[in-house]
Amino acid sequence: MTPSKTPAEVLTINGAEVRISSPDKVVFPEPGLTKLDVVKYYMAVAEGALRGAGGRPMVLKRFPKGIDAEPFFQKRVPENHPAFIDTTTLHYASGTSAEEAVIRDAAGLAWVVNLGCLDLNPHPVRAEDLEHPDELRVDLDPMPGVDWSRIVDVGYVVREVLDDVGLAGWPKTSGSRGLHILVRIAPEWSYRDVRLAAETLAREVANRAPGLATARWWKEERGESVFVDFNQNAKDRTVASAYSVRALPDARVSTPLTWDEVRTALPAQFTVRTVLERFAAIGDPHAGIDSSVGRLDGLLALAAELGPAEKPPRSGDGSGRRQSVMPLVEVARTRTKPEALAALEEWKSRHAGIVAALQPADVLVDGMRGSSSLWYRVRVNLQHIPEAERPAQEELIADYDPWAGRQWPGKPGS
């Protein structure tokens, strides 16, 4: 968000005072939306936004330098948080812990926006029970070259599988290129069981839609398909919840849909301005989600029937690391996406003779979660290049280390 000297504005929201600093700061230049506009958007859709994020511990994804700069992820709630912000302490798989924010009302929404948050990133648990998720999350993530219609086709296969195991799926646009399907479940299973159920769902969808959907965790093995991302159900993972504003130039929104809308809806239709009109006209299509709580017995029974998922081969060098079955070369590791794309272009210029043979899904530019921000890894899958013409692994064009100088329990050498 660009610097501004506009005086702060204090809003009274349900009896609580929320200070909005630099309210006229332009957050989205293309549609001309200010920081106060984003706050007012969340006030207008608060019922729906709180249905997705309220009462859950939340990672604060902050954009202090604007939507064109990398955000940083803040797990720990600021010490000077107001009294209307609850907190709870999460213990992570890494051995660390963090006291995270829990918002419960519209004032909490305004407060997180004032911190520079745009999208809301809650955990799939309630603050009152941190070890038993009450939501299974299906993230349909398209590979490059896959259009929206194919994502929709996979979404309906997901719905069919959920129906078969007695669960209800509630679709929403991700606010980017994909589709999310949310499933409310009884909070009776551990993270491990919920992830297993999600992986089983993904495998069954892939079995029913071969070539269209995939459950392969390793990106280079997916081809031009829709990945049913089950690992969003692992402990410590969060996804953008309903009505989240995404950091895209058009101020796109992760928008709840009915199943009747999924076939004809397009993600670009749903922006801050259009969703305000939509919510005022029809309310929240997910209003009934909390009354559709289901059980995982059917998916866990299917997990036993399918047996263990195929495991990737391991390296023979004693490291225990996964060995890719694809001919990959790594190009760069960078702090920002523009740096990653620049490194990719440099690699392409060095190997111009083979670039035309690469397919869209062969170029892998991945945002990787670091300790508090994203970093980027660039790889190229040479599967469509004749073996004799494949370039060898070279020194990385850029070699950013997101962990340099950082320590954590269990770090090698610590």
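Given 0.36 nm per residue, what is the gain on full extension from ILE354 to ALA281 after removing their alpha carbon distance, in nm?
That works out to 21.0 nm of additional length.
Looking at segment 161-278 only, what percent of DSSP beta bridges run antiparallel? Nearest 5 please.
Numbers: 7 of 10 bridges.
So the antiparallel bridges amount to about 70 percent of the total.
Evaluate the relative contact order of the chain (contact order divided by residue number), counting alpha-carbon pairs under 8 angstrom at least 6 apart; express in whole percent.
Numbers: 818 pairs, mean separation 62.2, N = 414.
In percent, rounded to a whole number, it is 15.
Subtract the Cα-Cα distance of ASP401 and GLU188 from 0.36 nm times their separation in residues, and report this length gain in nm to one decimal.
Details: separation 213, 0.36 × 213 = 76.68 nm, distance 3.95 nm.
Full-extension gain reported as 72.7 nm.
Just how much of GLU160 is accessible, in Å², when a 1.4 Å probe is used and the result is rounded to the nearest 10?
Accessible surface of GLU160 is approximately 90 Å².
To the nearest 0.05, how large is the calculated FRET efficiency for ALA83 and ARG208 if R₀ is 51 Å and r is the Cβ-Cβ distance?
Numbers: r = 50 Å, r/R0 = 0.99.
For ALA83 and ARG208, the calculated efficiency is 0.50.
Sorted by accessible area (1.4 Å probe), largest first, how do ILE67, ILE185 line up?
Working: ILE67 25, ILE185 0 Å².
Reading off the accessible areas and sorting them downward yields ILE67, ILE185.
Using every Cα-Cα pair within segment 181-276, state what percent have a distance larger than 15 Å.
Details: 3222 of 4560 pairs.
Tail of P(r) above 15 Å: 71 percent of Cα pairs.
So for segment 327-400, what percent of the C-alpha to C-alpha distances run longer than 21 Å?
Numbers: 622 of 2701 pairs.
Roughly 23 percent, once rounded to a whole number.
With the other protein chains left in place, how much accessible area per residue, in square angstrom, belongs to the chain at a 1.4 angstrom probe? Please report the intermediate quantities before stating the final value.
Values: 18670 Å² over 414 residues.
Value returned for the chain: 45 Å² of accessible area per residue.
Roughly how much of SER22 is accessible, in Å² to the nearest 10, using a 1.4 Å probe?
Spelled out: SER22, probe radius 1.4 Å, area about 20 Å².
Whenever you get a sec, line up ASP229, ASP236 from highest to lowest accessible area (probe 1.4 Å, protein heavy atoms). Before the final figure, lay out each step's value.
Values: ASP229 15, ASP236 50 Å².
Largest accessible area first, the list is ASP236, ASP229.
ARG263 versus MET326, label points 7 Å from Cα toward the beta carbon: distance in nm?
Going from the ARG263 label point to the MET326 one covers 3.3 nm.
Stretched out fully, how many nm does the piece from ALA69 to LYS311 gain, at 0.36 nm a residue minus the Cα gap? Show your work: numbers first, answer last.
On the way: separation 242, 0.36 × 242 = 87.12 nm, distance 3.70 nm.
Full extension of this stretch gives 83.4 nm more.
What is the spin-label model distance, in nm, from GLU394 to ASP290 if the labels are put 7 Å beyond Cα along the C-beta direction?
5.6
Distance between Cα centroids, segment 169-210 to segment 103-163: provide it in whole Å.
Answer, in whole Å: 10.
Roughly how many nanometres apart are two label points built 7 Å out from the Cα toward the Cβ at ASP147 and GLU17?
About 5.5 nm, to one decimal.
Leaving out ligands, DNA and RNA, and with a 1.4 Å probe, what % of the accessible surface on the chain is carbon or sulfur? Show your work: numbers first, answer last.
Numbers: 9180 of 18670 Å².
Of all accessible area on the chain, carbon and sulfur atoms account for 49 percent.
Compute from the Cα atoms of segment 114-260 the Rg and the Dmax, the latter being the longest Cα-Cα distance, and quote both in angstrom.
14.9, 45
Starting from the exponent 0.38 and prefactor 2.2 Å, build the expected Rg for the chain from its residue count and divide its actual Cα Rg by it.
Values: Rg = 21.9 Å, N = 414, 2.2 N^0.38 = 21.7 Å.
In units of the 2.2 N^0.38 Å rule of thumb, it is 1.01.
The values are calculated or read from the model by the stated rules, or taken from the named source; none is laboratory data. Here the structure is a predicted model, which means the values were calculated and not measured. No Cβ is skipped: glycine too gets one built from the backbone with ideal geometry, and neighbour counts run over all protein chains shown. Accessible surface is based on the protein model in full, side chains and every heavy atom, while ligands, DNA and RNA are left aside. Shrake-Rupley method; radii C 1.70, N 1.55, O 1.52, S 1.80 Å.
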